[in-house]
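Undergrad: There's a structure below that I have some questions on.
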Amino acid sequence: MHIGEIYSYFPFKLFGLSRDGLNDLIESEFAAELELCRANPDMIRQYLDMKHAGHRVGFISDTYWNSGRLARLLRACRPGLTWDFLYASCDHGSSKSEALFATYLSEQGIDAAASFHVGDNEKADIGGARRHGIRPRYYPQATAQLASRLQRETALFELLCAGAPSRLDHGSRTLRRMVATRSAEKSPAFHLGLTVLGPAMTAFDAFVARRCEDVAGPGRRVALGFLGRDGFLSHRIWQELHSDTAAYLEINRRVSLIASADTMQPLVDLLSKVFRIDAPTFGDVVKLMPPKVAAFFAGFPGGIASGEELAEALPGLMDPDEIVELAAGLRARLLAYLRQAIPGFDDCTDLVLADLGYSGSVQKALRRIFDLEGIKIRLHGAYLMSLDDAFDDIAERDSAEGFVSDLVVTPHIKRMLIRNVAVLEQICCSPDGSVRDYDGGAALREINPRPASQIALTAEIQTGALAFAESAEDVALDHGLDPYAATDVASRWCAATLARLLLLPDEDELALLGGLKHDVNLGTHALAPMLDGEFVRRQVTARGLSAACASVAPPMWLAGSFALMSPSHAYLYTLFGANRLPADVFEESPSGTVQVGLFRGNGEATLETVTVHRTGLGELRVRIPLSRTMGITMIALPLPKFAAEGLLHGVTIQTADVIRDAAERQDVIGIAAESLVYAGIQRNGDHYRTESEDGCLLIPVAKMTDAIAIYSVAITPLGTSRK
């Protein structure tokens, strides 16, 4: 088919055009081809080798451009290119999969066995050539796995970066395909680093370099430091790509906040964000244990309190002078460390801090430390992802900027990404424990509770990322690409690349990364799980889809946990995070009532009417509230009355002293499937079918310690059982 035949179907009137404009449309498309097409250097080398060896060499293409235009396109990509034959499918009314190869063999008078064909389409180039006796060589543009990931990225780009063109990326995806094609086949972890993490972090590296250039100027001496531990991979990439030096600075929020304290407030702020803490951990953090603090912990079960409770009580438990003295000592040791890590520290006018992000807490704490010590160095944050509304209190002479900022994706989307960023943090961080103090200009680190297998896995991913960074510049030059020249384009594609990994992981990535643990890094051995598919299932059963999407950690990788249920659930979570999940479509709506039997321990029974809800995914929800005073020991749910056949996804319990608190509680308990009794019901795994109208699901009621318990049942009805 010719290009003119294709454009004959163009809706001219819709765009206010007449059919006289057909040739203008064709010329516009061809002009775009001339501008955007690149010659593949690997193909050029093969072509020239064949020519120098004395072989007749030419081109056979499935294309709607005729041979004249195809020739112009080839010479635009490679001036002076010559060939012995040129075949365009539209000139012959047949493709390579059909008779085009036969036409070539006939017209050129060539023995098929002496002919050799290189192509990137397995069906047309390889299968088509082989059917005609031509020897083929397969040169794939991308693996099926990479092609699938790029397709998902494009879908996310269009969702998260609405209004920006998804087709033009300044060669970012072409660069990734070409680097992957040239790389030797290695482990899945290496491939993930090469094709996903490496491109994102190399784009970030270009942003950091640009930030340093923006800060530099006459009379300024600029130093660059990558904040550990999450900045470890970024620092390695910088070392590989740039000749100048940059420091790797082991400074975390905990150390910097305490060192910046001239009141108790920074410590209160730090502790308020801690989930659980005990006395030994507190003592390790502040290096002292006042008697009132010890007594405070002794009043909690197991000596473990919430960080919020401790933060609220702390002003009455400690003398502020103790904190000020503690901070002064840590501040002195931190500054000695900085002078050791950054050559000529005291001569610097500006210090650029590179990090994954997000709110600049370390930068703000360093500003307070420098001000307390009379240090005039200006601080400039260069963050992969930034919560930009948190930068309002950055000191006037300082600056902070995120690569993936609120100008790239909305704050709503940003918070979804950061909710799932723990897996990226673990991949990018150093193999060492987090810093806890300094001695003689050296960092003293926490214990590192992460298993050796996890450290080895992340090291392999980082090796792949470094391999991309090392080869990207040469490959880009070979292909005439400059994917990082426009920061806005590069940042949008970096956002889409990271979002695809964090929000829509494929099965291979779930298997590879699902076993990672997130270390709390507060003097404890605590490791939080990345994935927990059962957690999400229980949340959806008990609280609904939107409430499940808003769950707080753990699990640390909520999107991955949704993906364990299905790729569709992961995409629904992404839609929720992008504020594109309409509640009236996906939330529950009443779909009738059913009477359930409530049995007491003394044999008495009552019937209570409860509402059956239908979800946007077609599942049914029944919620049965009980009070402790009712003394219920068994619930009888008559499945034939509303779902005679279906899949039972689970039964959950939420408890509290008031019913609203119970309904909103995230701590959802799942009832073991073997404890449920199917009376008059056939069951095979999750599937059931009632045998009579009297069939019931019997749910034993656990002993209640709270005043209220809500039992939730989730069912997908099958067949015609829906009432």
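The values are calculated or read from the model by the stated rules, or taken from the named source; none is laboratory data. Everything quoted here is computed from the prediction, not taken from an experiment. When we count neighbours, we look across all protein chains shown, and the Cβ atoms used for this are built from the backbone with ideal geometry, even at glycine.
Undergrad: Assess whether Leu407 counts as being hydrophobic (A, V, I, L, M, F, W, C) and either in a strand (DSSP E or B) or farther than 30 Å from Gly217 by Cα (or both). Walk me through how you get there before you give the answer.
TA: Details: hydrophobic (A, V, I, L, M, F, W, C): yes; either in a strand (DSSP E or B) or farther than 30 Å from Gly217 by Cα (or both): no.
No: the conditions fail for Leu407.
Undergrad: Among the residues of segment 682-723, which ones are aliphatic (A, V, I, L, M) and more than 25 Å from Leu626 (Cα to Cα)? First the steps, then the outcome.
TA: Going through segment 682-723, the residues aliphatic (A, V, I, L, M) turn out to be 697-699, 701-702, 704, 707-710, 713-715, 718.
Within segment 682-723, just Leu718 meets the criteria.
Undergrad: Then there is this: Can Gly402 be described as touching a residue at least 12 places away in the same chain (Cβ under 8 Å), of a type outside the set (A, V, I, L, M, F, W, C) and within 20 Å of Asp169 (Cα to Cα)?
TA: Values: touching a residue at least 12 places away in the same chain (Cβ under 8 Å): yes; of a type outside the set (A, V, I, L, M, F, W, C): yes; within 20 Å of Asp169 (Cα to Cα): yes.
So Gly402 passes the test.
Undergrad: Another question about this same structure. Evaluate segment 48-71: report whether one residue or more is more than 29 Å from Gly127 (Cβ to Cβ) and either touching an Asp or Glu at 6+ places or on another chain (Cβ under 9 Å) or surrounded by 17 or more Cβ atoms within 10 Å (Cβ to Cβ) (or both).
TA: Among the residues of segment 48-71, not one is more than 29 Å from Gly127 (Cβ to Cβ) and either touching an Asp or Glu at 6+ places or on another chain (Cβ under 9 Å) or surrounded by 17 or more Cβ atoms within 10 Å (Cβ to Cβ) (or both), which makes the answer no.
Undergrad: Specify the residue that is farthest from Ala490 (Cα to Cα); the eligible residues are those in segment 345-388 that are among the small types (Gly, Ala, Ser) and in a helix (DSSP H, G or I).
TA: First, the residues of segment 345-388 that are among the small types (Gly, Ala, Ser): 354, 357, 359-361, 365, 374, 381-382, 386.
Then drop every residue that is not in a helix (DSSP H, G or I), which leaves 361, 365.
On the way: Ser361: 26, Ala365: 30 Å.
It comes out as Ala365.
Undergrad: List the number of the failed condition for Pro266; all other conditions in (1) buried (at least 19 other Cβ atoms within 10 Å of the Cβ); (2) at pLDDT 85 or above hold.
TA: So Pro266 meets the others, but not (2).
Undergrad: On to the next question. Restricting attention to segment 536-555, and to residues there that are surrounded by fewer than 23 Cβ atoms within 10 Å (Cβ to Cβ) and aliphatic (A, V, I, L, M), which single residue is farthest from Gly514 (Cα to Cα)?
TA: My answer is Ala547.
Undergrad: Could you look through segment 466-489, keep only residues that are within 28 Å of Asp406 (Cβ to Cβ) and among the charged types (D, E, K, R), and pick out the one that is surrounded by the fewest Cβ atoms within 10 Å (Cβ to Cβ)?
TA: Asp488
Undergrad: Now for a different question. For residues that are among the hydroxyl-bearing types (Ser, Thr, Tyr) and farther than 10 Å from Glu645 by Cβ, scanning just segment 676-715, find the one that is surrounded by the fewest Cβ atoms within 10 Å (Cβ to Cβ). Reasoning before the result, please.
TA: Quick first cut of segment 676-715, residues among the hydroxyl-bearing types (Ser, Thr, Tyr) only: 678, 688, 690, 692, 705, 711-712.
Keeping just the survivors that are farther than 10 Å from Glu645 by Cβ gives 678, 692, 705, 711-712.
Values: Tyr678: 16, Ser692: 10, Thr705: 8, Tyr711: 23, Ser712: 24.
Selected residue: Thr705.
Undergrad: Right, next: Given the residues Ala200, Ala142, Ala184, which is the only one that is out of contact with any His (no Cβ under 9 Å at 6 or more places or on another chain), modelled with pLDDT of 95 or more and among the small types (Gly, Ala, Ser)?
TA: Values: Ala142 fails: modelled with pLDDT of 95 or more; Ala184 fails: modelled with pLDDT of 95 or more.
It is Ala200.
Undergrad: I'm trying to understand the selection: among the residues of segment 584-629, which are modelled with pLDDT under 90 and in contact with a Gly (Cβ under 9 Å, 6 or more places away or on another chain)?
TA: Asp584, Val585, Phe586, Glu587, Gly601, Asn602, listed by residue number.
Undergrad: Let me ask something else. Checking Glu308 against (1) buried (at least 16 other Cβ atoms within 10 Å of the Cβ); (2) under 32 Å from the mean Cα position of the chain (by Cα): exactly one of these is not met. Which one?
TA: (1)
Undergrad: Considering (1) within 40 Å of the chain's Cα centre (by Cα); (2) crowded, with 17+ Cβ neighbours inside 10 Å, say which one Gln666 fails and leave the rest.
TA: (2)
Undergrad: Okay, next question. I'd like the full set of residues that are touching a residue at least 12 places away in the same chain (Cβ under 8 Å) and either among the charged types (D, E, K, R) or in contact with a Cys (Cβ under 9 Å, 6 or more places away or on another chain) (or both), limited to segment 278-311.
TA: Those that are touching a residue at least 12 places away in the same chain (Cβ under 8 Å) and either among the charged types (D, E, K, R) or in contact with a Cys (Cβ under 9 Å, 6 or more places away or on another chain) (or both): Asp278, Asp284, Lys287, Lys292, Glu308.
Undergrad: Within segment 93-111, which residues are of a type outside the set (A, V, I, L, M, F, W, C) and out of contact with any Lys or Arg (no Cβ under 7 Å at 6 or more places or on another chain)? Spell out the reasoning first.
TA: Keep residues of segment 93-111 that are of a type outside the set (A, V, I, L, M, F, W, C), which gives 93-98, 103-104, 106-109, 111.
Result: Gly93, Ser94, Ser95, Lys96, Glu98, Thr103, Tyr104, Ser106, Glu107, Gln108, Gly109, Asp111.
Undergrad: Examine segment 295-302 for a residue that is at pLDDT 85 or above and surrounded by 19 or more Cβ atoms within 10 Å (Cβ to Cβ), and state whether such a residue exists. Working first, answer last.
TA: Keep residues of segment 295-302 that are at pLDDT 85 or above, which gives 295-302.
Okay, now just the ones that are also surrounded by 19 or more Cβ atoms within 10 Å (Cβ to Cβ), so 296-297.
So far as segment 295-302 goes, yes, one or more of its residues are at pLDDT 85 or above and surrounded by 19 or more Cβ atoms within 10 Å (Cβ to Cβ).
Undergrad: For segment 167-204, enumerate the residues that are of a type outside the set (A, V, I, L, M) and within 17 Å of Ile237 (Cα to Cα).
TA: Applying the first criterion (of a type outside the set (A, V, I, L, M)) to segment 167-204 yields 167, 169-174, 176-177, 181-183, 185-188, 190-191, 193, 195, 198-199, 202, 204.
Across segment 167-204, the qualifying residues are Arg176, Phe190, His191, Gly193, Thr195, Gly198, Pro199, Thr202, Phe204.
Undergrad: Of the residues in segment 404-427, how many are farther than 24 Å from Gly163 by Cβ and touching a strand residue (DSSP E or B) at 6+ places or on another chain (Cβ under 9 Å)?
TA: 6
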